[in-house]
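Undergrad: Below is the structure I would like to discuss, written out as structure tokens.
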Amino acid sequence: MVWSWQLWLSPRPLRRTDTSGELSILAANDSALFEFKKEKGRWVVIETHFIANPIVRKGLSGPQLHIHLRQTEFFEVQQGVLGILKNEKEHVVTRDSGVVVVPPGTRHRFWVHSSAQEDVVFKVWAEPQDLDHSFDENFLRNFVGYLRDCQRANISPSIFQIILFGYNSATVPSPPFWLPIWLLTALNYFLASWIAEGLLGYKPSYPEYNRAVESNGTSDKKST
């Protein structure tokens with residue numbers, strides 16, 4: 001239950017769009033499409049960033065600088081040109097680049113490179129998978145679904161909700177300058193647990209976005 005004073009302190013969508021059963025979801029402002037698949041026993045997401053969208057052309061359809069604390073992230077471009085920043089070094093990635101590896105603890109972000117002339121399509125996944133509190137499909141579903149609902153409601157996303165999503169998935173935002181990971185983790189723990197969840201009443205995931213899957217592979221939505 002969300003109290004009126006929590007809504008006053010931090011506005012949020014009053015209704016969440018149920019996308020838990022969808023195999024693909026659109027990002028806010030229709031800038032990108034996320035398709036969730038199983039390949040070789042692991043989850044992957046195929047992202048398509050639409051070059052005709054002004055947000056994509058400005059290089060703003062990817063996330064801000066962040067760090068995955070427990071997992072290695074992998075990128076494989078299938079079409080177009082992707083920019084990836086890894087610890088201050090920029091990489092221009094195409095289909096010929098193969099799989100780009102981002103080890104845990106690496107400050108990084110990605111965007112559609114300014115040289116791209118067509119929709120950029122790439123595959124992304126993280127390993128090891130099936131960890132508690134890890135970067136996974138449900139993190140992306142909650143993150144993308146929340147941002148899109150904020151856009152539909154014409155309200156600004158809460159940085160505290162975003163931090164809570166990330167912290168629940170062992171992912172922390174990073175400033176453009178170096179900070180020790182232990183300090184970033186401690187700061188994000190305080191903001192996620194004490195402010196976002198404790199004070200403002202946000203949740204680390206929502207059943208309207210979250211796709212729980214039983215061992216037999218069938219979808220099983222559960223309240224969070």
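The values are calculated or read from the model by the stated rules, or taken from the named source; none is laboratory data. Because the structure is predicted, anything quoted here is derived from the model rather than measured. Note that we place each Cβ from the backbone using ideal geometry, even for glycine, and neighbour counts take in every protein chain shown. Accessible surface is based on the protein model in full, side chains and every heavy atom, while ligands, DNA and RNA are left aside. Shrake-Rupley method; radii C 1.70, N 1.55, O 1.52, S 1.80 Å.
Undergrad: Would you mind working out the accessible area per residue for the chain, using a 1.4 Å probe, and quoting it in Å²? Walk me through the numbers on the way to the answer.
TA: Details: 11820 Å² over 224 residues.
Per-residue accessible area for the chain comes out at 53 Å².
Undergrad: Right, next: Pull out the extension gain between A52 and V2, defined as 0.36 nm times the separation in residues minus the alpha carbon to alpha carbon distance; nm, one decimal. Intermediate values should be presented prior to the final figure.
TA: Working: separation 50, 0.36 × 50 = 18.00 nm, distance 3.85 nm.
In short, 14.2 nm is gained.
Undergrad: Would you look at the GNM of the chain, springs on alpha carbons closer than 10 Å, and say which of G98, G80, G62 moves the most?
TA: G98
Undergrad: Given a Förster distance of 30 angstrom, what is the FRET efficiency for W194 paired with Q129, based on the Cβ-Cβ distance and rounded to 0.05?
TA: FRET efficiency, W194 to Q129: 0.55.
Undergrad: Right, another one. Using Cα springs under 10 Å in a Gaussian network model of the chain, which residue among S205, S114, S174 shows the largest mean-square fluctuation?
TA: In the Gaussian network model the winner is S114.
Undergrad: Of all the stretches in the chain, which is the longest one without any exposed loop site, taking GluC sites (Glu not before Pro) in a DSSP loop (any state but H, G, I, E, B) with at most 10 other Cβ atoms within 10 Å? Don't jump to the answer; show the numbers that get you there.
TA: Details: sites that count: E88, E214.
Longest stretch, sites excluded: 89-213.
Undergrad: If you work out semi-axes √(5λ) of the Cα gyration tensor in Å from the coordinates, which of (1) 31, 18, 15; (2) 27, 22, 16; (3) 27, 20, 19 do you get?
TA: Given (1) 31, 18, 15; (2) 27, 22, 16; (3) 27, 20, 19, the calculated one carries the label (3).
Undergrad: So if we plug the beta-carbon distance of D96 and Q64 into 1/(1 + (r/R0)^6) with R0 = 22 Å, what FRET efficiency do we get, rounded to 0.05? Intermediate values should be presented prior to the final figure.
TA: Values: r = 27 Å, r/R0 = 1.25.
That gives a FRET efficiency of 0.20.
Undergrad: Only helical DSSP H runs with n ≥ 4 go in: add -39500 (n - 2.57) per run for the chain, normalise by residue count and round the 222 nm mean residue ellipticity to 500 deg cm²/dmol. Walk me through the intermediate numbers first.
TA: Values: 5 runs with 46 residues, N = 224.
Helix contribution divided over all residues of the chain: -6000 deg cm²/dmol.
Undergrad: Here is a follow-up. Can you sort R211, R12 by 1.4 Å-probe accessible area, starting with the largest? Could the numbers behind the result be given before it?
TA: Details: R211 55, R12 30 Å².
Accessible-area ranking of R211, R12, largest first: R211, R12.
Undergrad: Taking the chain as a Gaussian network, Cα atoms linked when under 10 Å apart, which of H68, H91, H49 shows the biggest mean-square fluctuation?
TA: Looking only at H68, H91, H49, the biggest GNM fluctuation is shown by H91.
Undergrad: So, one more: Can you send over the carbon and sulfur percentage of the accessible area for the chain, probe radius 1.4 Å, protein chains only?
TA: On the way: 6560 of 11820 Å².
Whole-percent figure for carbon plus sulfur exposure: 56.
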